[in-house]
Amino acid sequence: MVLLPFLIHTDSPEKVCVQLTHLNESVTLSATLEYQGENRSLIDDVVSEKDVFTCIPFSLPKSNSTSPVTFITVTVKGATLQFRSRKSVLVKNSESLVFVQTDKPIYKPGQTVLFRIVSLDKDFRPLNEDPKRNRLYQWTKAELKRGLIQLSFSLTSEPMQGTYAVVAQQASGKTVRHPFSVEEYVLPKFEVTVKMPKVITILDEKLTVTVCGLYTFGKPVPGLVSFRVCRKFERAATTCYGEEARAVCDEFSGQTDNYGCISETVKTKLFQLKRSGYENKLHVEAKIKEEETGVELTGTSFSEITTTISKVTFEHSDSHYKPGIPFFGQVKLVDGSGAPIANEVVRISLQGSQTTNYTTDEEGRARFALNTSTLYFDSVGIRVSPAGRGGDEVIHRRFYSPSKSFLKIEPKTETLTCGSSTEVRVHYIFTPEAIGEQKKIVIYYLVMAKGIIKQAGTHILDLDQESANGVFLLQLPVQTDIAPVAQVLVYTTVPSREVIADTTKFNVEKCFKNKVDLNFSASEGLPSSDVHLLFRASPNSLCAVRAVDKSVLLMKSEADLSPSSVYSLLPVKELRDYNYGPDTVSEEPLENCIPLKKIVVDGITYSPVVEVNEEDTYSILKVYPSCMVREPKHDVDADFALELSVVDFFSISSHSAVQPQRLYATASTPEEVTETIRKYFPETWIWSLVSISSEGNADLDVTIPDTITEWKANAFCTSAETGFGLSPTVSLRAFQPFFVELTLPYSVVRGESFMLKATVFNYLAACIRVSVTLAQSTHFLATPVEKEEESHCLCENGRKTVAWLVTPKSLGQVEFSVSTEALQNQQPCGNAIVETPEKGRKDTVIRQLLVEVLLLISPCSPGDIMGTAMQNLHQLLQMPFGCGEQNMVLFAPNIYVLDYLNKTEQLSEEVKSKAIGYLVSGYQRQLNYKHPDGSYSTFGPRYGQLGNTWLTAFVLKSFAQARPHIFIDEKHIQDALVWLSYKQKENGCFRSSGTLLNNAMKGGVDNEISLTAYITIALMEIPLPVTHSVVRNALFCLETAADEKENHVYTKALMAYAFALAGKEEKRKALLGSLEKEAVKKGEYEFATQEYSAPCATGRMRQNK
């Protein structure tokens, strides 16, 4: 017998297992796979032993075939023994497991997106893919080292806000997408949580709702809580009738307690839980308005409403029963909310007669084993019913064995722990019909995981002559290679040539061989203090670590990198069935069929009865046997058809992103520090690759940023020997007991006033007197909102907010510096004595605020963007900004400068880096003005403008010319080309569409011929060949118009250039001759003149220093 998985992956360590028994002569065993046009030998051995069981490893190279179906032939040849079998298997190319990690889930305009691409094989070992096999967003030659790569991407100061994605393309063409958001936001200072039951029943008269507010540094939030409990209508009335027509609501409010919480008991009578016409949910939206600052944040939750008071369900029960072997199963009893009901008696009955009582455990579960020795039915019903409640019933079919002999693996409901060994109990029954006089039986077992045979072995069973049924034990080592599902098969072959087998699956902990541990040297630290990040992993691993502000994760949650998320990438977790859609290949026809014939006795016709629901051993094996594994099939007359059911089976058949230099300062040595200046507030603190030593550890020295918050850190590691590993998330709280925090908007407009608030927190175990001051600056005017006081009294857990009315005078990032100092003041705080802390007496926080401006934007620009003298060429490099026209006018010169300096060998790395940065920024910005149809306009689709033909052609031409320098998505070029082609008329000319503010872009001329010439030039500079239908028709339009004498000088110049690109020399010469006649000559200068108007636009823009 030869056993192997029916699905084989290339470039993967596979195994084929061979069993030969009762040999009386030496034989030659061979197994050949018909693979890619050749016969590939898997086994070719001479076997001399009487009994042999062995597993042989093999691997297949990558397949180039379009069909996954191939064939394997097994032959056994001896002097008197001949056996041959040919069967189908599936071969699929292995794919790498790829995931993407960004340093955070949300970004502000102008920030840098840091991300990693990780590639693993299905054993979680690092996989280095050839650059040709990876196209990673705009990085076409990204090389992975030790299975990962780190890249970055800078956002422009005014990108399109919304959802972006990092896209990694695999060799098969499959893409992996990791989304992130770009928004203008202010990080939340605290979190609002709503606690309520997940499920309530229609009989519940009340429920408790608790709303809590907690700062990211772990302290409670004082403030006003308001929340609404609503049950929405299934079909809400129109908005004309107000909120009452959409939902039934109850409102609550109150002040938070010392723990930052408020609890209310909500009576359900108002919501009529038993009434239909409503959603079966109670929604809660809660708001907490922070005391003094007025900052308000929201939290939500809901409860499901169920009509189920209690429910009992079957878990892990067998799919079939084997007569004489206990039937194993488990039931779970829960109440309407889904909570387990413990210590409850449940009654389990078999076929309506055999009844046994079981008691549920703390998890509401009860395991049972039913006696099946007296059963002979083809199917039996098993019913479970709690006392006094309804129950559940399942039907199970009998398993087929011609000798009534069975093996049964006792199931395990718990998840197996990696690194342990578990005891597997196997029940057996062997009848004399199966084993005859045999006293010893060899039991074979296989363990599969991820579709591969991982373990194999034998167990010798000594049979007592009077008892051929019982239980034997197998020891199963639980290692990472059999996670997440271990499929276990036991079988034996008996002298009657029957294969007796059973299979089951055990859930295994999702673990990794590379054990990674990450810890901070301290769980809490002062801002600007040093701390160690300690790593433990397999020797010589490469670890990627990330630490991010908890506030970022409150702003936008993300799916954590976890063992479950990594295991979910596996293409095969367990094999099921031998059905592969259109690639399923039928097996050879059955032999020795038992005919089904009707019998006529005394004029009465008797039809044969067939047990069609019985399962047989063949259903769980993919074998190449010379023995019996199938239930006998029956020939069916044309008028006597049977419907056979197919069941699902196990089958072998088968930043320190390196941290920037710190910006904070201290007044003196750490031992004597009395003042801290906090100025470094990153959202991502650590984003680093760390190499593990040969001893299996590493120590990363880092400095805690100045943010008072909780930092969340985790790491994953890759190793060539042990593969991938992942650490749990660890936390570090950056905290000091006395500090000041600012409340600022995302941005303000120059000249417009806003409220700047500074809140001083005192978590010292004493009362202090503090002063709060805002440093003066030439960049803004500030006026206290209330009368200034020399000092403020703060006792333990106290706070004080001071506000100023601020009017910015400068643009860009403006600094605001606020200091608070604990004064050595003898004036008491009420009856409390004032104390002065020995350290940290003064805290200064410096924050930046973006100041925008409302001004006139003038896109008036000369038509010749290369008009500047060549000696000032470097001055043409400018950061694109403004509307769709202005952005492109500044975008294009960067391309020309790069091309010119490169060809004249004057291009320095500094100029190249600056120009490419400008191109990337301009490219991103221009997409703000793209319409869904592929066209572009001055202000984009949001303002109801039509796409403009001139601007779209300019974008098409410029994007095509920028491709050698930066990544340009080909889709944007094709979209513009398709849109322009729809604007072409039957005579080849192009229709004008949309409006253009800058008349200079059209050379001051606005007619159909100049537009057609301009678009034709753009198309040929993509480049499109002159034989392209759109170009050919456009040239026909220009040739027709070239003979007209009324053409404007600018139109003639455009047509001359278009004909030059098309290789039409006669037309070009004729037009140049005409231009020569119209030229204005002054001395040794010769030029053309034209008039054009260039209206300006008013808009709002952001300008940074």
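The values are calculated or read from the model by the stated rules, or taken from the named source; none is laboratory data. Since the structure is predicted, the reported quantities are computational estimates derived from the model, not experimental observations. Using ideal geometry, Cβ is built from the backbone for each residue, glycine included, and neighbour counts are taken over all protein chains shown.
Across region 968-987, what is the total count of residues that are part of a helix (DSSP H, G or I) and farther than 14 Å from ILE1015 by Cα? Spell out the reasoning first.
Initial filter on region 968-987 (part of a helix (DSSP H, G or I)): 970-982.
Remaining after also requiring farther than 14 Å from ILE1015 by Cα: 970-972, 974-975.
So the count comes out to 5.
Identify, please: which residue in region 318-350 is among the acidic types (Asp, Glu) and assigned to a loop (DSSP other than H, G, I, E, B) and is, among those, surrounded by the fewest Cβ atoms within 10 Å (Cβ to Cβ)? Walk me through how you get there before you give the answer.
Taking region 318-350 as the starting set, the residues that turn out to be among the acidic types (Asp, Glu) are 318, 335, 344.
Checking which are assigned to a loop (DSSP other than H, G, I, E, B) leaves us with 318, 344.
Values: ASP318: 22, GLU344: 19.
Looking at the filtered set, the residue picked out is GLU344.
Give VAL225, VAL312 a once-over and let me know the one that is surrounded by 18 or more Cβ atoms within 10 Å (Cβ to Cβ), more than 34 Å from the chain's Cα centre (by Cα) and modelled with pLDDT of 95 or more.
On the way: VAL312 fails: modelled with pLDDT of 95 or more.
After ruling out the rest, the residue left standing is VAL225.
Only residues that are under 46 Å from the mean Cα position of the chain (by Cα) and buried (at least 16 other Cβ atoms within 10 Å of the Cβ): list them for region 755-776, please.
If the condition is that a residue be under 46 Å from the mean Cα position of the chain (by Cα) and buried (at least 16 other Cβ atoms within 10 Å of the Cβ), then LEU756, LYS757, ALA758, THR759, VAL760, PHE761, ASN762, TYR763, LEU764, VAL772, LEU774 are the ones that fit.
Could you figure out which of (1) buried (at least 21 other Cβ atoms within 10 Å of the Cβ); (2) modelled with pLDDT under 85 isn't true of TYR1092?
TYR1092 satisfies every listed condition except (1).
Quick one: ILE1015 ticks every box in (1) over 16 Å from LYS983 (Cα atoms); (2) in a helix (DSSP H, G or I) except a single one, so which number is it?
(1)
Looking at VAL167, is it out of contact with any Pro (no Cβ under 9 Å at 6 or more places or on another chain), within 30 Å of GLU741 (Cα to Cα) and not assigned by TED's automatic domain parsing to the domain that holds THR759? Steps first, please.
Details: out of contact with any Pro (no Cβ under 9 Å at 6 or more places or on another chain): yes; within 30 Å of GLU741 (Cα to Cα): no; not assigned by TED's automatic domain parsing to the domain that holds THR759: yes.
Against the criterion (out of contact with any Pro (no Cβ under 9 Å at 6 or more places or on another chain), within 30 Å of GLU741 (Cα to Cα) and not assigned by TED's automatic domain parsing to the domain that holds THR759), VAL167 does not qualify.
Is it true that some residue in region 1066-1084 is among the basic types (Lys, Arg), under 45 Å from the mean Cα position of the chain (by Cα) and modelled with pLDDT under 85?
Of the residues in region 1066-1084, the ones among the basic types (Lys, Arg) are 1067-1069, 1077, 1081-1082.
Checking which are under 45 Å from the mean Cα position of the chain (by Cα) leaves us with none.
No, there is no match, as no residue in region 1066-1084 is among the basic types (Lys, Arg), under 45 Å from the mean Cα position of the chain (by Cα) and modelled with pLDDT under 85.
Name every residue in region 28-41 that is under 39 Å from the mean Cα position of the chain (by Cα) and either outside the structural domain of VAL16 (by TED's automatic domain parsing) or over 14 Å from LYS87 (Cα atoms) (or both), in order of residue number.
Hit for region 28-41 is GLN36, nothing else.
Please report, ordered by residue number, the strands (runs of 3 or more DSSP E) entirely within region 366-471 with at least 3 residues that are within 42 Å of the chain's Cα centre (by Cα) and under 29 Å from LYS513 (Cβ atoms). Talk me through it step by step, then tell me what you get.
Values: elements: 379-386, 392-398, 406-409, 420-429, 440-449, 452-462.
Fully inside region 366-471 and qualifying: 420-429, 440-449, 452-462.
Within region 530-539, identify whether any single residue is touching an Asp or Glu at 6+ places or on another chain (Cβ under 6 Å) and charged (D, E, K, R), and answer yes or no.
Yes, there is a match, as at least one residue in region 530-539 is touching an Asp or Glu at 6+ places or on another chain (Cβ under 6 Å) and charged (D, E, K, R).
Suppose we filter region 777-801 for residues that are over 43 Å from the mean Cα position of the chain (by Cα) and closer than 25 Å to TYR746 by Cβ; how many remain? Working first, answer last.
Residues of region 777-801 over 43 Å from the mean Cα position of the chain (by Cα): 777-796.
When the remaining residues are screened for being closer than 25 Å to TYR746 by Cβ, the result is 777-785.
Number of matching residues: 9.
Quick test of your reading of the structure: GLU509 fulfils all but one of (1) over 22 Å from the mean Cα position of the chain (by Cα); (2) surrounded by fewer than 19 Cβ atoms within 10 Å (Cβ to Cβ). Name the failing condition by number.
Every listed condition holds for GLU509 apart from (1).
Could you list, in sequence order, the residues of region 888-913 that are over 16 Å from GLN961 (Cα atoms) and touching a helix residue (DSSP H, G or I) at 6+ places or on another chain (Cβ under 9 Å)? Before the answer, list the steps.
Looking only at region 888-913, we keep the residues that are over 16 Å from GLN961 (Cα atoms), and these are 904-911, 913.
The answer is GLN906, LEU907, SER908, VAL911.
Is one or more of the residues making up region 732-750 under 30 Å from ASP481 (Cβ atoms) and either surrounded by fewer than 18 Cβ atoms within 10 Å (Cβ to Cβ) or within 44 Å of the chain's Cα centre (by Cα) (or both)? Steps first, please.
So in region 732-750, the residues under 30 Å from ASP481 (Cβ atoms) come out as none.
Scanning region 732-750 turns up no residue that is under 30 Å from ASP481 (Cβ atoms) and either surrounded by fewer than 18 Cβ atoms within 10 Å (Cβ to Cβ) or within 44 Å of the chain's Cα centre (by Cα) (or both).
Any residue in region 552-562 that is within 26 Å of the chain's Cα centre (by Cα) and part of a strand (DSSP E or B)?
Applying the first criterion (within 26 Å of the chain's Cα centre (by Cα)) to region 552-562 yields 552-562.
Subsequent filtering for residues that are part of a strand (DSSP E or B) retains none.
No: zero hits.
All but one of (1) modelled with pLDDT under 90; (2) within 19 Å of TYR1014 (Cβ to Cβ); (3) touching a Leu at 6+ places or on another chain (Cβ under 8 Å); (4) not aromatic (Phe, Trp, Tyr) hold for GLN878, so report the exception by its number.
With (1) modelled with pLDDT under 90; (2) within 19 Å of TYR1014 (Cβ to Cβ); (3) touching a Leu at 6+ places or on another chain (Cβ under 8 Å); (4) not aromatic (Phe, Trp, Tyr) applied to GLN878, the lone miss is (2).
Looking only at residues in region 1023-1053 that are closer than 16 Å to LEU980 by Cβ and touching a Phe, Trp or Tyr at 6+ places or on another chain (Cβ under 9 Å), which one is surrounded by the most Cβ atoms within 10 Å (Cβ to Cβ)?
Result: ALA1034.
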